[in-house]
Amino acid sequence: MRFEIDNITYEVPAPALISIYSRYNTPHLSYCRLRVMVSPLAKYWILGLNFLHGYYSVFDAHKKRVGFAKSNK
């Protein structure tokens, strides 16, 4: 999944977007869940931990801005 913020494209790899769960430790009862949050009114996306784990984030409250850089992990 890709997000464009201020004409810069940020990518979140598929493994960061999906969680796989297994019931009772049996593979045939496994299921997956998409890890994407949308606001209750669906007017905006919430870039949560699955996005923030991949990017170094700087929050400047004084100037009301946020900066991102690719994480080294």
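Taking other C-beta atoms within 10 angstrom as a stand-in for reagent exposure, Glu11, Glu4 fall in the order Glu4, Glu11, fewest first. Across the chain, the mean sequence separation of Cα contacts (distance under 8 Å, 6 or more residues apart), normalised by length, yields a relative contact order of 18 percent. Within 10 Å of each candidate Cβ there may be at most 10 other Cβ atoms; applying that plus a DSSP loop requirement, which chymotrypsin sites (Phe, Trp or Tyr not before Pro) in the range 7-73 survive? Qualifying residues, ordered by number: Tyr24, Tyr44. Computed from the C-beta positions of Val66 and Ala14, the FRET efficiency with R₀ = 22 Å rounds to 0.35.
Using the alpha-carbon positions of the chain, Rg (one decimal) and Dmax (whole number) come out as 15.7, 52 Å. By the count of neighbouring beta-carbon atoms within 10 Å, fewest first, Met37, Met1 end up ordered Met37, Met1.
A short reminder: the numbers here are calculations on the coordinates, not readings from a lab. Quick caveat: nothing in here was measured; it's all calculated off a predicted structure. Cβ: placed from backbone, ideal geometry, glycine included. Neighbour counts: every protein chain shown.
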